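J.: Questions regarding the structure given below will be posed in turn.
The values are calculated or read from the model by the stated rules, or taken from the named source; none is laboratory data. Everything numeric in this text was worked out from a predicted model, so none of it was measured. A quick note on method: Cβ atoms are made from the backbone with ideal geometry, for glycine too, and the neighbour counts reach across all protein chains shown. Surface areas here come from the heavy atoms of the whole protein model, side chains and all, with no ligands, DNA or RNA. Shrake-Rupley method; radii C 1.70, N 1.55, O 1.52, S 1.80 Å.
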Amino acid sequence: MAGTRYSREDIVRYLETARLSYQRIELPYGLATPGPDRRPTADVVFPAELGGQSVLDVGCFLGYFCHEAKRRGAGEVVGLDSNPERLGHARRLADMAGHDIAFRACDVETDELPGRFDIVVALNLLHHLRDPLAALAKLIRACRRQLVLEIAGLSDGSMRRYLKELGLRRRKRRVLEDLPLIGVGRDGASPLRERRFFFTPRAMENILTQHHRIFASVRATPSPKKGRTFVIAERRRIERLVLFAGPSGVGKSRLMQATMRPGTGLGARFGITEPSAWKAVQAVDLASEREAVSHGLVLHYDLLRSVVANYPSIAHDEALELLDCAGATVVYTLVCPLPVLRERVRERLRVERGPGSIRNLEVALRLYEDPARVRRVYEAWGDYLAARGLALELVDTSTDAYELRDRGILGEYLNG
Ligand SMILES: C[S@@+](CC[C@H](N)C(=O)[O-])C[C@H]1O[C@@H](n2cnc3c(N)ncnc32)[C@H](O)[C@@H]1O
């Protein structure tokens, strides 16, 4: 343990008066705070060597996991908690242990989190919150590589009640646990705290993988703590992202295939040098794309996704979260004359089979009857890109020359 300016007597006196519990933190002279040994949890939460990665622990209590991160070679470590008394002890203990950890007061429900960290840890926190999903969104934004949660599932009492109400035997408990359920109410809470939510592991996995597209994988494993589960989510990291965006029928797949084919020279025009090192994915298939780290990704993005899903705006589309995972992003927006769009969609409707794709094409065809609506889709997309600091680069797909065009082409092509 690093040098300390505290004598053995100082620390013993402090431990006697502070009466700490909950987390056993090792201190100099072989001393430690009284509390359960959380090393088995730390071994799941962190790898043996953190190699300078930054760590944020939200709801850190006395800061045990911050100490553990430092011990494993973390760089910047920040512990947040809403309880000022605990933070005071956390600071004193870190000082005694000689660990450089920043402890800050923060209510995750009302305050912004202090920046982005490689690993974000929130253990046994969410079931204390009034709005855990809003807090979860903040945790996700703060996380660069890995999000580690320890969550409380439905309590034994609730399980028994639900099984009884469903007329199921007790041994069917696993059936409930394996469903994506959120328990709402006072489950296990003190009588004064009624607004609580409890997630089955499947519910949390679904939230992280289906409501968000930024995680490549999510793993749930039982915690040594009864009724608790670790949920570990690996964020995607894409060095370079190229988005081919456009409405149904504009020719995204054709252009994507042509750019990925070696020897066409098209890849280089769109910044895809060495296409073999790149991967091409459709937005609809993103959820099954499990690789966390990619050098280059080409995404096929249908501009009508938010229209078909009836979202209030393009920004609501979860597939676009992928833009937050990329180092460098270039967007190419494809355009062709409206009569060509209509004809291509009619042609596809003649050959498509799946009910999902037929519905999408029918929505597209109805939209293409109204040039003003099509122009609005492009305008909204241009505004969305501008808000993200990205340019509206237009590619003409009416011929295989795939020329880059200026904005004037929208008026010319989308008039009737
Ligand atoms: C059950 S303890 C878990 C402590 C630690 N994460 C662990 O697993 O050992 C929950 C911690 O979250 C803190 N907390 C509760 N609500 C919070 C909030 N809104 N913002 C930040 N911290 C909060 C509490 O003060 C407490 O220290």
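J.: Just name the residue that is farthest from the ligand (Cβ to nearest atom) out of those in region 6-25 that are of a type outside the set (S, T, N, Q), touching a residue at least 12 places away in the same chain (Cβ under 8 Å) and in a loop (DSSP other than H, G, I, E, B).
T.: In this case the residue turns out to be TYR6.
Every residue, every condition in (1) surrounded by 14 or more Cβ atoms within 10 Å (Cβ to Cβ); (2) out of contact with any strand residue (DSSP E or B) (no Cβ under 8 Å at 6 or more places or on another chain); (3) among the aromatic types (Phe, Trp, Tyr); (4) modelled with pLDDT of 95 or more, yes or no:
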{"site": "SER357", "(1), (2), (3), (4)": "yes, yes, no, no"}
{"site": "LEU361", "(1), (2), (3), (4)": "yes, yes, no, no"}
{"site": "TYR378", "(1), (2), (3), (4)": "yes, no, yes, yes"}
{"site": "GLY389", "(1), (2), (3), (4)": "no, yes, no, yes"}
{"site": "VAL395", "(1), (2), (3), (4)": "yes, no, no, yes"}
{"site": "ASP400", "(1), (2), (3), (4)": "no, yes, no, no"}
{"site": "LEU414", "(1), (2), (3), (4)": "yes, no, no, no"}
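J.: Shifting gears a bit: Pick from THR273, THR229: which is β-branched (Val, Ile, Thr), in contact with a Gly (Cβ under 8 Å, 6 or more places away or on another chain) and without any contact (Cβ under 8 Å) to a residue 12 or more places away in the chain?
T.: THR273
J.: Any idea how many residues of region 114-133 are at pLDDT 95 or above and in contact with a strand residue (DSSP E or B) (Cβ under 7 Å, 6 or more places away or on another chain)?
T.: Total meeting the criteria: 13.
J.: Step by step: first the residues of region 27-79, then only those that are away from the ligand (no atom under 11 Å from the Cβ), on the phi < 0 side of the Ramachandran plot and among the hydroxyl-bearing types (Ser, Thr, Tyr), then the one that is surrounded by the fewest Cβ atoms within 10 Å (Cβ to Cβ). Which residue is that?
T.: This residue is SER54.
J.: Looking only at region 141-166, count every residue that is surrounded by 15 or more Cβ atoms within 10 Å (Cβ to Cβ) and more than 30 Å from GLU112 (Cβ to Cβ) and tell me the total.
T.: Of the residues in that region, 6 qualify.
J.: For HIS99, indicate whether it is open to solvent by 30 Å² or more (accessible area, probe 1.4 Å), within 15 Å of the ligand (Cβ to nearest atom) and not acidic (Asp, Glu).
T.: Against the criterion (open to solvent by 30 Å² or more (accessible area, probe 1.4 Å), within 15 Å of the ligand (Cβ to nearest atom) and not acidic (Asp, Glu)), HIS99 does not qualify.
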